[in-house]
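For reference, the structure discussed in these notes is given below.
The values are calculated or read from the model by the stated rules, or taken from the named source; none is laboratory data. In this text the structure is predicted, and so the values were computed from the model without any measurement. A quick note on method: Cβ atoms are made from the backbone with ideal geometry, for glycine too, and the neighbour counts reach across all protein chains shown. Remember, those area values only see protein heavy atoms, side chains included, never the ligands or the DNA or RNA. Shrake-Rupley method; radii C 1.70, N 1.55, O 1.52, S 1.80 Å.
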Amino acid sequence: GYEGAIVDYLRAQKVKATFFAGGHWMASHGTRTQQLLSDPLFEIGTHGWAHRNTRRLRGADLRQEILAPSVAYASARAELSQAQ
């Protein structure tokens, strides 16, 4: 989920923070992702696609879990750049 009250508090207090977001969340919450990316107080790191146990994944499923969040991040960053 996304706790807007926490983000609002961090902004109000000018607290720098790093959020680790899942790729699925970034892809399905594009506006929120772009808001966090555009705020100089915040950084976003990736945290798997769907937070699955990678020790139990193999092949394409493992690649999806690891690589897809970077694609979602790059897409959000590109859309933000185009909007600016």
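Summary table
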quantity	calculated
Residues of the range 1-24 that turn out to be aliphatic (A, V, I, L, M) and either closer than 17 Å to TYR73 by Cα or touching a Phe, Trp or Tyr at 6+ places or on another chain (Cβ under 9 Å) (or both), as a count	5
Subset of the range 74-84 that is open to solvent by less than 60 Å² (accessible area, probe 1.4 Å) and touching a helix residue (DSSP H, G or I) at 6+ places or on another chain (Cβ under 9 Å) - its residue that is farthest from LYS16 (Cα to Cα)	SER75
HIS24 vs. criteria open to solvent by 40 Å² or more (accessible area, probe 1.4 Å) and at negative phi	yes
Qualifying residue in the range 9-18 (condition: touching a Lys or Arg at 6+ places or on another chain (Cβ under 7 Å) and not small (Gly, Ala, Ser))	no
Matching residues, the range 35-59, being more than 15 Å from GLY23 (Cβ to Cβ) and either of a type outside the set (Lys, Arg) or in contact with a helix residue (DSSP H, G or I) (Cβ under 7 Å, 6 or more places away or on another chain) (or both)	GLN35, SER38, ASP39, PRO40, LEU41, PHE42, GLU43, ASN53, GLY59
Helices (runs of 4 or more DSSP H) contained in the chain and holding at least 1 residues within 9 Å of the chain's Cα centre (by Cα) and at pLDDT 95 or above	23-28, 30-38, 59-83
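Yes or no, residue by residue, for (1) open to solvent by 70 Å² or more (accessible area, probe 1.4 Å); (2) polar (S, T, N, Q); (3) without any contact (Cβ under 8 Å) to a residue 24 or more places away in the chain:
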position: GLY4; (1), (2), (3): no, no, yes
position: THR31; (1), (2), (3): yes, yes, yes
position: LEU37; (1), (2), (3): no, no, no
position: HIS47; (1), (2), (3): yes, no, no
position: THR54; (1), (2), (3): no, yes, yes
position: ILE66; (1), (2), (3): yes, no, yes
position: ALA72; (1), (2), (3): no, no, no
